[in-house]
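Asker: Shown below is the structure under consideration.
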Amino acid sequence: MKTKNIIGGLIIIIVLLFGGYYYNEAVTPGQHDEFAQCIADSGAKFYGAFWCPHCADQKALFGKSEKLLPYIECSTPNGQAQLQICIDEEIKSYPTWEFPDASRISGSIDFEQLAEKTGCALPE
């Protein structure tokens, strides 16, 4: 009986520890939240596809702050076609950034270029 209680207690402790970790990860702000939010607020758009390695690299620059980017998925779920929104916008390659002045840059771009095109302050 004591063994079952000890095992049950250990399981509860493990669940609480892991649950607390995942909760903390979900609510802790990302390092670049302000920058990513400013980019979104500027009216910029980030067109990409889930299967695109350069899009993944672009998102990875932002870490947890990726969730705030103005990302628009262009691929159908099977990866075989382009969604209508990207057809209408004539997106030809991924990633493609579109800025408030209607200019576009294709390919991964660095924080300096994003700051220049959006007027957002570079993250520290």
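The values are calculated or read from the model by the stated rules, or taken from the named source; none is laboratory data. Because the structure is predicted, anything quoted here is derived from the model rather than measured. Because the Cβ atoms are built from the backbone with ideal geometry, glycine has one as well, and the counts that use them run over all protein chains shown. Areas reflect the complete protein model, heavy atoms only, side chains present, ligands, DNA and RNA absent. Shrake-Rupley method; radii C 1.70, N 1.55, O 1.52, S 1.80 Å.
Asker: Amide H to amide H, which residues 5 or more places from Leu83 or on other chains are under 5 Å from it, using H placed in the peptide plane?
Answerer: Ser75, Thr76
Asker: Within 14 Å, Cβ to Cβ, of Tyr47, how many net charges do the neighbouring residues add up to if Lys/Arg are +1 and Asp/Glu are -1?
Answerer: -1
Asker: With r defined as the distance between the Cβ atoms of Ala121 and Lys64 and R0 fixed at 22 Å, what FRET efficiency is calculated, to the nearest 0.05?
Answerer: Given R0 = 22 Å and the Cβ-Cβ separation, E is 0.70.
Asker: Can you compute 3J(HN,Hα) from phi for each residue in the stretch 49-61, using the Karplus curve 6.51 cos²θ - 1.76 cosθ + 1.60 with θ = phi - 60°, rounded to whole Hz and x for Gly and Pro?
Answerer: With coefficients 6.51, -1.76 and 1.60, one gets 9, 4, 8, 7, x, 5, 5, 4, 4, 4, 5, 4, 4 Hz.
Asker: At a probe size of 1.4 Å, how large is the accessible area of His54, to the nearest 10 Å²?
Answerer: 100 Å²
Asker: I want to check the label-to-label distance for Ser42 and Phe111. Put each point 7 Å from Cα in the C-beta direction and report it in nm to one decimal.
Answerer: 1.4 nm
Asker: Treating the Cα atoms of the stretch 56-124 as identical point scatterers in vacuum, please give the log10 of the normalised Debye intensity I(q)/I(0) at q = 0.15 Å⁻¹, two decimals.
Answerer: Results for the stretch 56-124 at q = 0.15 Å⁻¹ read -0.55.
Asker: Once the piece of chain linking Lys92 and Glu73 is laid out straight, how much longer is it, given 0.36 nm per residue of separation minus the C-alpha distance between them?
Answerer: Extra length available between Lys92 and Glu73 comes to 5.5 nm.
Asker: Residue-wise, which Karplus ³J(HN,Hα) couplings in Hz belong to the stretch 73-85, taking 6.51 cos²θ - 1.76 cosθ + 1.60, θ = phi - 60°, and x for glycine or proline?
Answerer: Per residue, the Karplus-derived 3J(HN,Hα) values read 6, 9, 8, 5, x, 8, x, 9, 8, 9, 5, 4, 4 Hz.
Asker: Leaving ligands, DNA and RNA out of it, rank Ile87, Ile105 by accessible area with a 1.4 Å probe, largest first.
Answerer: Highest to lowest solvent-accessible surface, that is Ile87, Ile105.
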